[in-house]
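Student: Supplied in structure tokens, the structure appears directly below.
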Amino acid sequence: MAKKSELQNIFERNQYDLANIAKKSRSWFDQQVQAMARQGVTPNKVLQSEASQLATKIVPGNMYMYFYDPKMKQTLPYYDRFPLVLPYRATADGFIGLNLHYLPYQLRIVLLDNLMAFKTNNKMNENTRIKYSWAMIDGVSKYTAAQPCIKQYLVSNVRSPFRLIHPTDWATALLLPVERFVGSSKENVWADSKRTIRRA
């Protein structure tokens, strides 16, 4: 098993304040992501870096990362094996939410910054959640970037514990280069997402 020093919490090493980075340039975002890539950030390292943040079920309004294997993956043009999801509703067999990996990094931050209007408190602590529904954001111009992100997940197809992301780490989580698309490159996925947003 890796030593604690080898699995130092990624979120302790990289701290980003959402309020201060929402309007940064694309080149700034690219530089930050490249810096994280040089640290060797991987999905497994994210899951292993803080065992106390692992969960076996989701609570709508929190943010999570986890491994996922879609039930109907043969019919999908592409999918993300390591989603970063902000769930808004539990279903009988899973949950529905926004997988922010379907957006390029800067758009993720802008969307989350807008969604902060629905946060339950200003403390950014373990009780802070984003309490929203699709009905609240559908058709609202500042939330159009959510259109390509809405996904439904089955608990039976989750392949790891859920890594709960603390609210103070939400911005950092959005910049981690851990999206794992199968069937297409992330650049093509993001190009498709931008076309969806323009049509919305």
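The values are calculated or read from the model by the stated rules, or taken from the named source; none is laboratory data. All figures in this text were calculated on a predicted structure; none of them were measured in a lab. Neighbour counts are summed over all protein chains in view; Cβ atoms, including those assigned to glycine, are modelled from backbone coordinates with ideal geometry.
Student: Taking the condition over 20 Å from residue 175 (Cα atoms) and among the hydroxyl-bearing types (Ser, Thr, Tyr), does residue 143 pass?
Tutor: The answer is no for residue 143.
Student: Continuing with this model, one more query. So which pairs qualify, if the first residue must be in region 135-152 and within 15 Å of residue 195 (Cα to Cα), the second must be exposed (fewer than 14 other Cβ atoms within 10 Å of the Cβ) and among the polar types (S, T, N, Q), the Cβ gap must be under 9 Å, and the two must be at least 6 apart or on different chains?
Tutor: Close Cβ pairs (under 9 Å, with a partner that is exposed (fewer than 14 other Cβ atoms within 10 Å of the Cβ) and among the polar types (S, T, N, Q)) do not exist here.
Student: Is region 166-183 home to any residue that is in a strand (DSSP E or B) and modelled with pLDDT of 95 or more?
Tutor: Yes: one or more hits.
Student: Please go through region 71-95 and give me each residue that is within 21 Å of residue 174 (Cα to Cα) and either modelled with pLDDT under 95 or among the acidic types (Asp, Glu) (or both), ordered by number.
Tutor: 80
Student: Sticking with this one: Give, as residue ranges, the helices (runs of 4 or more DSSP H) completely inside region 1-82 that count at least 1 residues that are of a type in the set (S, T, N, Q) and on the phi < 0 side of the Ramachandran plot.
Tutor: On the way: elements: 10-13, 18-21, 26-38, 43-48.
By residue number, 18-21, 26-38, 43-48.
Student: Could you list, in sequence order, all residues of region 83-93 that are among the small types (Gly, Ala, Ser) and in a loop (DSSP other than H, G, I, E, B)?
Tutor: Selection gives 92 alone.
Student: Further, regarding this structure: Could you pull out the residue among 123, 73 that is more than 28 Å from residue 22 (Cβ to Cβ) and not aromatic (Phe, Trp, Tyr)? Can you show your working first?
Tutor: Working: 123 fails: more than 28 Å from residue 22 (Cβ to Cβ).
Exactly one residue qualifies, and that residue is 73.
Student: Looking at residue 68, is it buried (at least 17 other Cβ atoms within 10 Å of the Cβ), under 17 Å from the mean Cα position of the chain (by Cα) and more than 17 Å from residue 174 (Cβ to Cβ)?
Tutor: It is true that residue 68 is buried (at least 17 other Cβ atoms within 10 Å of the Cβ), under 17 Å from the mean Cα position of the chain (by Cα) and more than 17 Å from residue 174 (Cβ to Cβ).
Student: So, of the residues in region 42-65 that are more than 15 Å from the chain's Cα centre (by Cα) and surrounded by 18 or more Cβ atoms within 10 Å (Cβ to Cβ), which turns out to be nearest to residue 129 (Cα to Cα)?
Tutor: Out of the qualifying residues, it is 53.
Student: Okay, next question. Name the single residue that is farthest from residue 108 (Cα to Cα) among those in region 175-200 being out of contact with any His (no Cβ under 9 Å at 6 or more places or on another chain) and hydrophobic (A, V, I, L, M, F, W, C).
Tutor: 182
Student: Right, something else. What number of residues in region 40-53 are of a type outside the set (D, E, K, R) and in contact with a helix residue (DSSP H, G or I) (Cβ under 7 Å, 6 or more places away or on another chain)?
Tutor: Here is the first cut: in region 40-53, the residues of a type outside the set (D, E, K, R) are 40-44, 46-49, 51-53.
Subsequent filtering for residues that are in contact with a helix residue (DSSP H, G or I) (Cβ under 7 Å, 6 or more places away or on another chain) retains 41, 46, 48-49.
Selection size over region 40-53: 4.
Student: Any idea how many residues of region 96-132 are over 28 Å from residue 187 (Cα atoms), in a loop (DSSP other than H, G, I, E, B) and either modelled with pLDDT under 95 or of a type outside the set (Val, Ile, Thr) (or both)?
Tutor: Of the residues in region 96-132, 10 are over 28 Å from residue 187 (Cα atoms), in a loop (DSSP other than H, G, I, E, B) and either modelled with pLDDT under 95 or of a type outside the set (Val, Ile, Thr) (or both).
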